[in-house]
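The values are calculated or read from the model by the stated rules, or taken from the named source; none is laboratory data. The shown structure was predicted, so the numbers you read here are calculated from the model rather than taken from an experiment. Here Cβ is always computed from backbone atoms with ideal geometry, including for glycine, and neighbour counts include all displayed protein chains.
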């Protein structure tokens, strides 16, 4: 299903953590994305480079974790930064920005933490 290898995947403490969290916050994501988040929790993809539709190059650092006590966990990032928006964070880059799924537009965006602005991602560095 996926052509990318993943490093540093953190085993889920609860195998239903992704689905349970999404139900708790009332967010619906595409099934293939939920599967990816579940299989590769907190992992880092072997392919990292991606581009926005505007041609900016970016780097995908890692998926967010669904273990509450991990450092980069959705339990802290979603409520603090994205709850109440159309963006749902799935991963981060090395500069502190987040790769998000835009629930309304049904695409992926790069959210810049310094400007609170987004750029549509042309394609991610891995298959979903």
Practice task
State yes or no: is residue 96 more than 15 Å from the chain's Cα centre (by Cα) and free of Cβ contacts under 8 Å to residues at least 40 places away in the same chain?
Solution key: no
Fill in the blank from the handout: Of those in segment 47-70 that are touching a residue at least 60 places away in the same chain (Cβ under 8 Å) and assigned to a loop (DSSP other than H, G, I, E, B), the residue farthest from residue 124 (Cα to Cα) is 70
Fill in the blank from the handout: Per the filter on segment 1-29, residues under 15 Å from the mean Cα position of the chain (by Cα), in contact (Cβ under 8 Å) with a residue 60 or more places away in the chain and surrounded by 11 or more Cβ atoms within 10 Å (Cβ to Cβ) are 10, 27, 29
Practice task
With the condition kept exactly as written, say whether any residue in segment 105-115 is within 18 Å of residue 6 (Cβ to Cβ) and either touching a helix residue (DSSP H, G or I) at 6+ places or on another chain (Cβ under 9 Å) or surrounded by 15 or more Cβ atoms within 10 Å (Cβ to Cβ) (or both).
Solution key: yes
Exercise for the section: Starting from residues that are touching a strand residue (DSSP E or B) at 6+ places or on another chain (Cβ under 8 Å) and more than 20 Å from residue 71 (Cα to Cα), keep the ones in segment 31-47 and report whichever is surrounded by the fewest Cβ atoms within 10 Å (Cβ to Cβ). Expected result: 46
Exercise for the section: Tell me, please, whether a residue that is modelled with pLDDT of 95 or more and within 22 Å of residue 10 (Cα to Cα) can be found in segment 81-89. Expected result: yes
Practice task
Taking residue 78 as the residue in question, decide whether it is touching a strand residue (DSSP E or B) at 6+ places or on another chain (Cβ under 7 Å) and closer than 24 Å to residue 14 by Cβ.
Solution key: yes
Practice task
Count, please, the residues in segment 116-127 that happen to be without any contact (Cβ under 8 Å) to a residue 40 or more places away in the chain, in a strand (DSSP E or B) and surrounded by fewer than 17 Cβ atoms within 10 Å (Cβ to Cβ).
Solution key: 1
